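The values are calculated or read from the model by the stated rules, or taken from the named source; none is laboratory data. Everything numeric in this text was worked out from a predicted model, so none of it was measured. Heads up, the Cβs are rebuilt from the backbone with ideal geometry, glycines too, and the neighbour counts pull from every protein chain shown.
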Amino acid sequence: MLYCFFIAVRLKNFPDKISATMGQNTAIPCHLNPEVSALDLEVRWQKEGLETPVLLYKNRREEQHEQYRGRARLHSDLTKGDLSLILESVRDVDGGRYTCYVRTLSQVNETTLYLSITGHGRKPVITVHKQPGREIRLKCESKGWYPKPELHWNYGDGSAITVHSDFSEKVEEDGRITVTSYLSVQDSYEEDFLCIVQPSDSEKKFVSTFHVSVKLKTSESMCLSEINKNVILPCHLDPAVSVLDSEVKWEKKGLTSPVFLYTNRRVALEEHHEQYKERTQLNSEDKRTGDLSLSLKNVKVTDEGRYTCSVKAHGREIQASLDLSVTAQGGKPVMTVDEEPGNVKLKCISRGWYPKPQLKWTHEDGSAVTEYSELFEEVEHDGRITITSYLSIRDQYDQKILCIVQLSGSKERAVSRIVISRGRPQHLAHLVALICMILVLCYIIMCKKGYAQIKSMFFELFTQDSLAIIVFYLQCKGLCEILLVVAASEINIFLILTQKIQGGEKLKVQNTLLQFVRECLIILGIIWWKINDDSLLLLLAALIQAGAVVLVLGTSQEFCLRCLSASVIATMLIIHFSGVTESILPDFQQNSQIFSHVKEFLSNEGTSKYLLLTLLVMQIFIQHRLFLSEKQQGNIIFIHC
């Protein structure tokens, strides 16, 4: 008797959904129940959306879909009814609904499961991005995710940051996703920032923390500015963060109101101290650069002091301080002389200094003057200082005295010098008398020679110059030297005119020229009186005199040069006897070797000055004789002293 048995084969039940990690291997379960061999069965794995099966097992052979070739296979234990689909190197496209079909002799069994692909990426990494002149940005990046996770920023206290950030994602070649977010750090000066990445299908969070510590710095502890100039008080945040929504304040020690205030995204001009309104502003208009430097216009003496820069946000405040020092370089000292019998009193005054300068009297060699001196200071309305000193010298002549004014710690100094000559008061009186006598003598000579045409003009100039010299001598004493040059120049030109002028029309032209030269010399005297710079102006007086001689004579170029030489020598003679320093002597060695000797002798004292006088007179005489021999003209006398 033959018995036949039929066994009903079914598939075991599994959860409807399983998950797999991207890049790893996974098994989609399918088992026969009871566990019988499936070697001779037909097994087909079908994925929703694909026309051909992912894997077909038939006649003990496997065929894979092109997309799964080399990655999909059945479990090796078919003899025990295990029909699970093994997927290697799971990809994002592998996710979806899979159905397992098993055909037996009498029926077809199937089971369906959903495969979810996940990719748990790496912990986020935070880096700092700095750009010169820009706010700092925090970059948070996390790689290897699938599907796209959530990324957000929090403060250290857990509160969410909802502004100043942006988000981006990038799909890599393997399908996994890299998420990136940038956060602009604004209005935060001591804070923890959290970057949180969370998978969409999980409660687990991946967190990284970055601590931002912002310092308020000044590049200098001391800032120096000249009065009436603009200055920038440096102050900046390091690293640079935006202060767009912060409060920025500049204060000066001793003032109850700020010198500058920025709050609620505007400059609160109405809160500024009265002395600083319209004079202060932030150096940079871009509030995102972290530059809080203060620009202060038209610096005053009262601006000197300690300044504090502060910035406040989220209840936190940081500060930095620096000192502003104001300076003012004063003018060149002006020296005057008050001479009495046996005593010379010098006065040195210099204006426009700040802070109080140092004033000292020295000799030419730098040694200090030991005579008694007094020092006074006066504060002007703008805070600058005028300093005055008096120096009394008794029975000491033939010396050069320097008045030096200098700010403490500064290399720049203002210097004036004066020469005290032996018997100076009597010597000047003699010079004044001598020049008046020469003018009278010239007038008498011209009257005898019959030059009636120029009598009135000469008398007018004689009267004006004589009175001017006497008045200047009585009132100013030390300022009459330039008028001696004026008078000497006029005498020289008058004597030349007596030889050259013929006819009334030409006299009119020469008269105009003489008046012009005279006015030029007088203007030079006035300028010299104001700026006290005798070296340049005395030389200019000599050059103008020589130029007038050339124009009047209208002679050759060679004679013009010799006239110039004679004029300069004569002027140096006056300079020497009037006590002007020898440092102004020009170097004319190419014209005459006598100048090199003059330069040497002027640096000595004693008998050298008398030898110098002899040499200068000889030089004038030589120039005069050369002129006579070459031009065959009448006798011309150059009178300079």
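Values for this structure:
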read-out	value
Wholly enclosed strands (runs of 3 or more DSSP E) of the range 356-417 bearing at least 1 residues of a type in the set (D, E, K, R) and over 37 Å from the mean Cα position of the chain (by Cα)	373-379, 385-394, 399-406
Check on Arg265, modelled with pLDDT under 90 and either surrounded by 14 or more Cβ atoms within 10 Å (Cβ to Cβ) or more than 30 Å from His381 (Cα to Cα) (or both)	yes
Those residues of the range 159-192 which are surrounded by fewer than 16 Cβ atoms within 10 Å (Cβ to Cβ), more than 45 Å from the chain's Cα centre (by Cα) and part of a loop (DSSP other than H, G, I, E, B), in sequence order	Glu172, Glu173, Asp174
Residue count, the range 197-229 (criterion: part of a strand (DSSP E or B) and either under 30 Å from Asp303 (Cβ atoms) or touching a residue at least 60 places away in the same chain (Cβ under 8 Å) (or both))	15
Odd one out for Ala27, checked against (1) among the small types (Gly, Ala, Ser); (2) outside any strand (DSSP E or B); (3) surrounded by fewer than 20 Cβ atoms within 10 Å (Cβ to Cβ)	(2)
Candidate set: the range 289-317, residues that are modelled with pLDDT under 90 and not polar (S, T, N, Q); chosen: the one nearest to Arg413 (Cα to Cα)	Asp291
Options Thr256, Thr280, Thr263, Thr289: the member that is farther than 13 Å from Ser310 by Cβ and more than 23 Å from the chain's Cα centre (by Cα)	Thr256
Residue tally, condition at pLDDT 85 or above and more than 18 Å from Arg288 (Cβ to Cβ), over the range 177-201	12
Filtered residues of the range 367-412 (kept if out of contact with any strand residue (DSSP E or B) (no Cβ under 8 Å at 6 or more places or on another chain), at pLDDT 85 or above and surrounded by fewer than 11 Cβ atoms within 10 Å (Cβ to Cβ))	Ser367, His381
1 or more residues under 28 Å from Pro199 (Cβ atoms): qualifying strands (runs of 3 or more DSSP E) within the range 46-119	72-74, 85-87, 96-103, 108-118
